[in-house]
Amino acid sequence: MDWGKVYNYCERGGDPGFWAEPLNAISNGAFIIAGLIAAVQLARSPRKDWALFEWLLIVLVICIGIGSFMFHTYATVWAIPFDTVPISLFMLGYLGYALRRYAGMPWLVVIAALIGFYFSVRYAQGIQCSNELLPMTRGAGKRCFNGTLGYTPAFAALVLVGGALLVRGHRAAGYILAAAFLFLAAMTFRTIDLELCRWAVRGGRGVGTHFLWHSLNGLLLYVLLLGAIRHGAPTRAE
């Protein structure tokens with residue numbers, strides 16, 4: 001019985017099976033590996049503080065891998081929150097972290113920015129665009145941009161924060177701008193997953209490109225964590 005199944009990705013096709021998306025599922029290991037390597041580096045770092053926020057960010061990255069694995073195996077409506085909630089928490093958490101620790105913004109400014117970011121994501125997720133604007137995934141009968149528009153505020157935040165830190169000469173700027181570049185590539189592969197389904201084939205079945213979204217995001221999250229480990233120590237009482 002496949003009631004409640006989610007068929008949004010090329011690799012799954014119409015197969016309700018647990019292992020219908022092997023590459024999409026296994027590629028979530030990139031998040032877990034990124035989190036574990038970052039954890040080892042944080043534990044070995046010479047920092048004198050408790051690094052509580054950095055540890056929380058690392059835990060969220062590992063949760064992203066576990067939650068996304070659950071979604072791409074069970075592929076049910078009930079599994080969606082396990083996939084989306086850790087991602088949302090990390091986006092909000094790291095933006096607040098960057099504004100506070102890197103940019104030194106007052107808490108009121110940080111909170112206002114997080115509220116604005118939250119509503120910008122909600123707005124972007126609800127944007128409807130016609131196939132005449134961009135016929136992406138039209139052949140598969142799916143949403144324009146394949147639902148990737150909801151991540152554009154996160155990309156914009158990386159560019160804006162990274163650019164602002166670069167102007168100020170902050171050493172974390174390069175990490176955030178590198179993450180922005182990786183995120184742009186990841187969003188591209190997420191968008192074209194269904195469009196390239198006919199050409200990206202393994203064993204007679206479509207594979208798509210969604211697994212590259214996971215792989216690149218695992219790398220970019222590691223870059224963000226590394227920036228936090230190396231340059232996120234508080235310079236004054238939080």
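Observations
- For the chain, calculated [θ]222 nm from helices alone, where every DSSP H run of n ≥ 4 adds -39500 (n - 2.57): -19500 deg cm²/dmol
- Residue by residue, the stretch 153-164 carries 3J(HN,Hα) couplings of x, 5, 5, 4, 5, 4, 5, 5, 5, x, x, 5 Hz when phi is fed to the Karplus relation 6.51 cos²θ - 1.76 cosθ + 1.60 (θ = phi - 60°); x denotes Gly or Pro.
- Here semi-axes √(5λ) of the Cα gyration tensor in Å was computed from the coordinates, and among [x] 38, 24, 14; [y] 33, 20, 15; [z] 27, 21, 16 the match is [y].
- For the stretch 97-120 and the stretch 173-189, distance of Cα centres in Å: 20 Å
- The mean sequence distance of close C-alpha pairs (under 8 Å, at least 6 residues apart), as a share of the length of the chain, puts its relative contact order at 26 percent.
- The chain: angle of helix 107-125 to the longest principal axis, Cα-based, in degrees nearest 10: 10 degrees
- Amide H partners (placed H, <5 Å) of Val201, local residues excluded: Val207
- Unpaired by the 4.7 Å Cβ criterion, cysteines found in the chain: Cys63
- Relative compactness, the stretch 1-99, computed as alpha-carbon Rg over 2.2 N^0.38 Å: 1.27
- Contact order relative to length of the stretch 171-238, as percent, for alpha carbon pairs under 8 angstrom and 6 or more apart: 42 percent
- Label positions at Met105 and Arg198, each projected 7 Å from the Cα along the C-beta direction, are separated by 4.5 nm.
- Rounded to 10°, Cα long-axis angle of helix 29-44 versus longest principal axis of the chain: 10 degrees
None of the figures in this text is laboratory data; all of them are computed from the coordinates on show. None of the values given here were measured: they were computed from a predicted structure. Quick reminder, even Gly has a Cβ in these numbers, built from the backbone with ideal geometry, and neighbours come from all protein chains shown.
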